[in-house]
Amino acid sequence: MFEVISESFKSAVNKLRFVDDEKALKNALETLKKALLKADVYHKVVKELLVLIEEEVRKNGIGQKHFLNSIKSNLENVLRIKGSNQGFVFAQKPPTVVLMTGLQGGGKTTSTVKLANYLKLRGKRVLIAACDLQRLAAVEQLKQLCELNELELFWLESEKKPLKVAQAALQKAKSSLFDVLLVDTAGRLAIDAMLMDELKDLKDSLQPDEIFYIADAMSGQDGVKTAGSFNEALGISGVILSKFDADTKGGIALSIARQLGIPLRFIGVGEKIADLEAFLPERIVSRIMGEGDLATLAEKTATIIDEKEAKKLSQKIKKGEFNFNDFLVQMESVKKLGSMKSLLTMIPGLSNVASQVKDLDLDNSKEIVRIKAMISSMTPKEREMPSLLNNARKRRIAQGAGLSQVEVNRFLKQFGSAAKLARKFSGQKGMESLMQMMNQARKQF
Ligand SMILES: Nc1nc2c(ncn2[C@@H]2O[C@H](COP(=O)(O)OP(=O)(O)OP(=O)(O)O)[C@@H](O)[C@H]2O)c(=O)[nH]1
Ligand SMILES: [Mg+2]
């Protein structure tokens with residue numbers, strides 16, 4: 001993601017003192033240039049950025065603060081495509097129709113399902129149309145994903161023409177008052193005339209509000225070129241950059257919009273359904289500069305945490321009554337927030353930590369599998385009242401979970417200190433302001 005870029009920006013900024021001279025500025029700009037190129041930002045975009053930053057710093061006075069502010073404001077300008085949409089934009093008259101396009105394996109289907117879930121969490125009714133009739137298992141893949149995540153799918157059994165499915169899906173979206181229709185389409189290994197014709201037919205018939213191109217972050221400049229060809233043929237209104245979690249350099253996210261003149265709308269940051277984030281320039285820049293992004297964090301949290309439940313929980317924590325059942329419930333909701341690593345970059349001051357940790361997989365991490373085994377070996381009463389756990393009970397739990405008593409003790413100790421910490425934190429201002437921001441975010445949906 002942005003680790004390499006964040007680090008490089010910091011090292012460039014550190015080349016300057018509070019007030020500094022010409023030579024130091026040259027040095028800082030050179031460091032910045034190398035860093036951007038190393039992170040795979042397109043060379044023309046790098047050049048453009050450097051000219052803008054140099055000009056602005058000279059005007060305002062050479063120094064660390066002006067340099068930092070100038071990087072931020074110019075980066076934002078480069079990322080923002082004038083007059084085009086950001087994030088998800090609803091059509092004036094529902095349903096908003098979005099055509100999802102791209103090469104084979106680029107992440108179209110995954111992104112379609114993630115986007116449907118993103119909108120569902122924000123209270124929208126979304127229908128997905130299964131219009132990839134090329135790959136045999138494509139409809140089956142969608143059926144499974146939609147069932148697993150409680151999303152609505154439209155398909156026609158044994159229909160061979162994507163256009164027929166799409167038209168029927170649009171009818172259904174209109175008559176059943178869906179807010180959004182997402183159309184998943186077939187991919188090809190490379191651009192070919194047949195694929196383009198199929199997509200053009202879909203476009204002519206559906207008159208979509210948006211045509212998204214799904215670009216695989218790992219495909220680098222090739223991917224940008226392909227996106228350009230799709231744009232010439234179809235007119236793309238936005239790009240979703242998938243598999244951004246696998247791209248340690250991150251430069252492609254910074255230059256793709258500028259190179260194509262099409263805004264980057266979302267980034268895919270993992271394989272799970274929650275791993276999709278809106279790409280909003282000022283928020284992304286703030287994350288890149290290590291300043292966090294509390295607005296996105298609050299928004300994400302507000303979509304999965306019910307206000308009343310949150311209050312109840314914080315009362316419980318304050319009274320020291322947080323128990324193992326609460327812990328399991330919390331773990332399930334945290335999973336809905338998506339990649340932990342990405343969440344860390346949203347918390348001011350923790351972006352450094354994010355670059356050092358491996359992403360925590362809440363389903364498969366050894367530690368969490370053990371913890372779940374321990375909790376499931378407890379009686380309902382024990383789960384409600386952690387204080388009941390004496391040595392005899394601990395022994396029984398260890399046996400039931402196939403663990404040693406040392407491990408059980410260690411977990412209980414950790415649980416105890418976490419509950420204490422939460423209690424301390426719940427009385428502090430930080431928690432209150434996060435709650436306030438969540439309420440604000442809720443009102444905006
Ligand atoms: N790590 C990671 N993997 C992703 C992401 N998005 C998609 N993938 C994986 O990429 C692979 C291909 O994704 P699909 O969504 O099936 O791609 P597609 O474009 O629909 O492929 P076709 O239907 O064959 O054209 C799957 O294994 C996904 O799990 C992402 O943001 N991060
Ligand atoms: Mg697909």
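The values are calculated or read from the model by the stated rules, or taken from the named source; none is laboratory data. Please read all numbers here as calculations on a predicted model, not as lab measurements. Glycine gets a Cβ as well: all are built from the backbone with ideal geometry, and neighbour counts include every protein chain shown. Ligands, DNA and RNA are excluded from the accessible area calculation, which covers all protein heavy atoms including side chains. Shrake-Rupley method; radii C 1.70, N 1.55, O 1.52, S 1.80 Å.
Some notes on this structure:
- Taking all Cα pairs closer than 8 Å and separated by 6 or more residues, the relative contact order of the chain comes to 16 percent.
- Heavy-atom accessible area ranking, 1.4 Å probe, most first, across 89, 329: 329, 89
- Accessible surface of the chain [probe 1.4 Å, protein heavy atoms]: carbon and sulfur percent: 54
- Rounded to the nearest 10 Å², the accessible area of residue 177 at probe 1.4 Å: 130
- Summed over qualifying helices (DSSP H, 4 residues or more, each -39500 (n - 2.57)) and divided by its residue number, the chain shows a 222 nm mean residue ellipticity of -18500 deg cm²/dmol.
- Residue (of 305, 31, 256) at the positive-pole extreme of the chain, dipole from beta-carbon charges: 305
- Per-peptide average of other Cβ atoms within 10 Å, ordering 26-34, 315-323 highest first: 26-34, 315-323
- Ligands, DNA and RNA aside, residue 229 has an accessible area near 50 Å² when probed at 1.4 Å.
- Within the full protein context, the accessible area of residue 80 is estimated at about 80 Å² for a probe radius of 1.4 Å.
- Å² of accessible area per residue within the chain, as computed with a 1.4 Å probe and no ligands counted: 50
- Cα lying deepest toward the dipole's positive end in the chain, options 220, 87, 12, charges on Cβ: 12
- Note on the range 85-169: Kirkwood hydrodynamic radius from all Cα pairs is 13.6 Å, rounded to one decimal.
- Cα centroid separation - the range 295-352 against the range 52-117, whole Å: 27
- Seen from a random direction on average, the alpha-carbon convex hull of the range 25-179 projects onto 13.0 square nanometres.
- 66, 43, reordered so the largest accessible area comes first (probe 1.4 Å): 43, 66
- Sorted from longest to shortest, the spans of the Cα atoms of the chain along the three principal axes equal 71, 71, 38 Å.
- A dipole drawn for the range 139-204 from +1 and -1 charges on Cβ atoms has a positive end, and of 151, 171, 189 the residue lying farthest that way is 171.
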